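Working notes for the structure below.
The values are calculated or read from the model by the stated rules, or taken from the named source; none is laboratory data. Keep in mind the model is a prediction, meaning the values are calculated, not measured. FYI the Cβ positions are ideal-geometry reconstructions off the backbone, even for glycines, and counts take in every protein chain you see.
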Amino acid sequence: MKRKSNLTPKLKQNWWIDAVLGLSAVFAILSSLYFLAFPVGGYQGGRNPYYNIRMIFDRYTWDMLHTWTGVLMIMTALLHIIIHWSWITGTANRTWQVITGKQKSFAPRLTYNIFLDVLIGISFVICAVSGIFFLLYPNGGQNAQSIIISRYAWDMLHTWSGVVMTIAAILHFALHWKWVVNITGKLINKNKKETIEKETPYTGAQEAV
């Protein structure tokens with residue numbers, strides 16, 4: 001008898017969304033490290049040791065990579081939030097019940113998970129809003145454009161909210177490592193099995209009694 005897979009469509013959907021979110025985050029982080037290491041723009045003249053420097057890609061390519069993987073990450077994160085909105089509102093309500101003493105405290109693991117989710121959420125919003133600022137106003141020096149706060153302040157918000165989000169996301173990933181390995185393994189095995197079934201020629205022996 002053929003055993004049915006316990007991978008539901010919703011579970012597979014969540015895995016793919018998380019995979020896209022994770023990959024876009026990795027590329028956004030890698031490009032962020034480039035700009036942390038080489039913060040000065042590529043202007044020629046004077047004492048600028050970073051002019052026209054190339055680390056795998058040139059500065060323009062790193063900029064494009066950072067910008068568009070960041071946009072992809074924002075869009076995927078919004079989709080992730082929409083899909084998990086009922087869980088978010090339910091957990092927020094339960095957390096309020098705990099704070100007001102109407103419900104018992106959460107288990108330590110769940111408390112830690114909620115703390116990381118809140119930290120990721122707040123730092124993500126700050127990082128995304130500041131990133132949109134630079135997407136709308138890409139040119140000019142640190143004080144060339146001031147919207148509510150100076151361009152330098154936007155830069156600091158974007159940088160350090162990204163650092164906080166990265167650290168919290170790594171801890172969140174580590175907390176759910178077993179789930180990631182488990183579901184990824186099942187998806188790979190399922191795809192292998194389907195590939196073998198498609199490639200194996202039908203001989204009629206399957207119906208032999």
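Just to verify a result, which residue in segment 37-63, among those that are assigned to a helix (DSSP H, G or I) and exposed (fewer than 12 other Cβ atoms within 10 Å of the Cβ), is modelled with the lowest pLDDT? Break it down into steps so the answer makes sense when it comes.
Narrowing segment 37-63 to residues assigned to a helix (DSSP H, G or I): 37, 59-63.
Retained after the next criterion (residues that are exposed (fewer than 12 other Cβ atoms within 10 Å of the Cβ)): 37, 60.
Working: Ala37: 77, Tyr60: 82.
For segment 37-63, the residue satisfying everything is Ala37.
Among the residues of segment 160-189 satisfying the criterion of being of a type in the set (Ser, Thr, Tyr) and buried (at least 16 other Cβ atoms within 10 Å of the Cβ), which is nearest to Ala25 (Cα to Cα)? Working first, answer last.
Narrowing segment 160-189 to residues of a type in the set (Ser, Thr, Tyr): 161, 166, 184.
Subsequent filtering for residues that are buried (at least 16 other Cβ atoms within 10 Å of the Cβ) retains 161, 166.
Working: Ser161: 14, Thr166: 8 Å.
Across segment 160-189, the extreme among qualifying residues is Thr166.
If a residue counts only when it is modelled with pLDDT under 80 and more than 17 Å from the chain's Cα centre (by Cα), which helices (runs of 4 or more DSSP H) contained entirely in segment 97-209 have at least 2 such residues?
Details: elements: 108-136, 151-175, 177-199.
It comes to 177-199.
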